[in-house]
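> Take this structure first; my questions come after.
The values are calculated or read from the model by the stated rules, or taken from the named source; none is laboratory data. For clarity, every value in this text was computed on a predicted model and none was experimentally measured. No Cβ is skipped: glycine too gets one built from the backbone with ideal geometry, and neighbour counts run over all protein chains shown. Accessible surface is based on the protein model in full, side chains and every heavy atom, while ligands, DNA and RNA are left aside. Shrake-Rupley method; radii C 1.70, N 1.55, O 1.52, S 1.80 Å.
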Amino acid sequence: TFFFPGLTATEKKLAEYKCNTNEAIQLKLVRFPEDLEDENTTFNPEYSHQVFGDDEVAFGYKGLKILLYYIAGNLSTLFRIEYASRVNEKFDCVEADDVESKIREIIPPGFCTNTDDFVSLLEKEVNFKPFGMLLHTYSIHNEEAGEDITYQIYKADMTCPGFREYHERLQTFLMWFIETASFIDVDDERWNYFLVFEKYNKDGATLFATVGYMTVYNYYVYPDKTRPRVSQMLILPPFQGEGHGAQLLETVHRYYMSSPTVLDITAEDPSENYVKLRDFVLVKLCQDLVCFSPVKLMQGFSQEMVTEAQQKLKINKQHTRRVYEILRLRATNMGDAEQSRSYRLDVKRRLIGPYKKKQRELAKMRRCLRPEEMTNQLNQIDLNLQREQLEESFQQLVSDYRRVLERLAQA
């Protein structure tokens, strides 16, 4: 509930009927009927602005609950709205938001609206099997369960029976967990889909629960190559922080590495978290390449690194450079003044690139601007400020790189 001081009685009354949609939306991945009543299985969106506007508010209800429950494997959906009270016509003729139609716009038809139907679907879940081709199986020790849990990664496409409908349900999660999410054109055959499932037991049978997924688009590169670009990647909140993202990204890399037509793998508008994940996975893949031996790292970034990383691991030049900087940091004794200075200069030479570009642009301006205009432009680029920004960028990078190396040491 929101409280606003200094409002009229009517405005105050209306303010009581505003609900934060990130709190109102309750998501669940259901394996057992008792999960429906268990609050521990509920999670909320990080974002709802794409559905409810920038302020992420639904107006017209007190105690609003938007229930979106999914069966853990095939993601059959229960959608229900509950509230304690709702505004009526007596209030200055204001109308409650049509919450239902907003949600219906993003979830595919065919959902349940009552719990009994949903529970009867849950009984058929034993027939659900993952789609596509199995690429990788791994296990993670679960402290709570006191046992190792097995996970599998599959590659699927739209020719798999039932996958199109399943994907429609799966992609609805993007709206709640990726800030600028959009649904993709599934009729374009250049899309590849990679899915992570957990194997679990129920009454002696083995069932599968959806953990997360990644979509990759295969761009054509003249004359006969492709450049796979990671578009969306989501590990569902109940499984985050367990290492599934790294397993998925590494598996996808390994899948494309074996293809002679793939040039390199990129990502579309990557988030900060994705970049950290990619750093970890690429460093893990590269650390045993001959060109990244400590001796070669200390000699500086080389064409040999670019060539070997691209040919063997499908990593592009820009990402190879980051891998080099991280592995060189590991090989550098930062307590040694000479080694530390050499490393700092090497990284800063790369970081200064954009500043140098600005200087070149200024030189061009000098030739065609009047002096007073020029002074104005120059004032915007203070050299001391540049140095400070450069040092700040360097320190931030080193701290990110150290985190990658810490994670690598534990892997």
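> Residue check: is residue 248 surrounded by 19 or more Cβ atoms within 10 Å (Cβ to Cβ) and either in the same structural domain as residue 213 (by the TED database) or over 19 Å from residue 140 (Cβ atoms) (or both)?
Taking the combined requirement at face value, the residue satisfies it.
> Pairs needed: first member in the range 174-201, within 26 Å of residue 227 (Cα to Cα) and touching a residue at least 12 places away in the same chain (Cβ under 8 Å); second member anywhere, of a type in the set (Asp, Glu) and in a loop (DSSP other than H, G, I, E, B); C-beta distance under 9 Å; at least 6 residues apart or different chains.
Hits for this filter: 178/46; 179/46; 180/269; 189/157; 191/157; 191/185; 192/157; 193/157.
> Separate question: Cβ-Cβ distance below 9 Å, separation of 6 or more or different chains: which pairs start in the range 1-19 with a residue that is farther than 17 Å from residue 86 by Cα and end on one that is open to solvent by less than 90 Å² (accessible area, probe 1.4 Å) and at pLDDT 75 or above?
3/15; 3/16; 4/15; 7/14; 7/15
> Looking at the structure I just gave you, is residue 130 assigned to a loop (DSSP other than H, G, I, E, B), more than 21 Å from the chain's Cα centre (by Cα) and in contact (Cβ under 8 Å) with a residue 24 or more places away in the chain?
When the stated conditions are applied, residue 130 passes them.
> Would you kindly identify the strands (runs of 3 or more DSSP E) lying entirely within the range 1-91 that contain at least 1 residues that are modelled with pLDDT under 95 and among the aliphatic types (A, V, I, L, M)?
The qualifying strands (runs of 3 or more DSSP E) are 57-59.
> Determine whether the range 310-318 contains at least one residue that is touching a Lys or Arg at 6+ places or on another chain (Cβ under 7 Å) and open to solvent by 40 Å² or more (accessible area, probe 1.4 Å).
No, the range 310-318 contains no residue that is touching a Lys or Arg at 6+ places or on another chain (Cβ under 7 Å) and open to solvent by 40 Å² or more (accessible area, probe 1.4 Å).
> Of everything in the range 178-199, what is modelled with pLDDT of 95 or more and either buried (at least 16 other Cβ atoms within 10 Å of the Cβ) or outside the structural domain of residue 255 (by the TED database) (or both)? Give them in sequence order.
191, 192, 193, 194, 195, 196, 197, 198
> Pairs, please: C-beta under 7 Å, at least 6 apart or cross-chain, first residue without any contact (Cβ under 8 Å) to a residue 40 or more places away in the chain and in the range 389-411, second open to solvent by 30 Å² or more (accessible area, probe 1.4 Å) and among the hydrophobic types (A, V, I, L, M, F, W, C)?
Listed pairs, sorted by first residue: none to list.
> Looking at the range 349-385 only, could you name the residues that are touching a helix residue (DSSP H, G or I) at 6+ places or on another chain (Cβ under 6 Å) and at pLDDT 80 or above?
Within the range 349-385, 351 is the sole residue that qualifies.
> Of the residues that make up the range 136-148, is at least one free of Cβ contacts under 8 Å to residues at least 24 places away in the same chain, part of a loop (DSSP other than H, G, I, E, B) and within 21 Å of residue 21 (Cβ to Cβ)?
Checking the range 136-148: not a single residue is free of Cβ contacts under 8 Å to residues at least 24 places away in the same chain, part of a loop (DSSP other than H, G, I, E, B) and within 21 Å of residue 21 (Cβ to Cβ).
> Would you point out which residue out of 159, 137 is open to solvent by 50 Å² or more (accessible area, probe 1.4 Å) and under 22 Å from the mean Cα position of the chain (by Cα)?
Just one listed residue meets the conditions, 137.
> Moving on. Which residue is most open to solvent (accessible area, probe 1.4 Å), if the candidates are limited to the range 260-297 and must be hydroxyl-bearing (Ser, Thr, Tyr) and within 15 Å of the chain's Cα centre (by Cα)?
Among residues in the range 260-297 that are hydroxyl-bearing (Ser, Thr, Tyr) and within 15 Å of the chain's Cα centre (by Cα), the one most open to solvent (accessible area, probe 1.4 Å) is 271.
> Among the numbered criteria (1) more than 30 Å from residue 230 (Cβ to Cβ); (2) open to solvent by less than 40 Å² (accessible area, probe 1.4 Å), which one does residue 116 miss?
Of (1) more than 30 Å from residue 230 (Cβ to Cβ); (2) open to solvent by less than 40 Å² (accessible area, probe 1.4 Å), only one is false for residue 116: (2).
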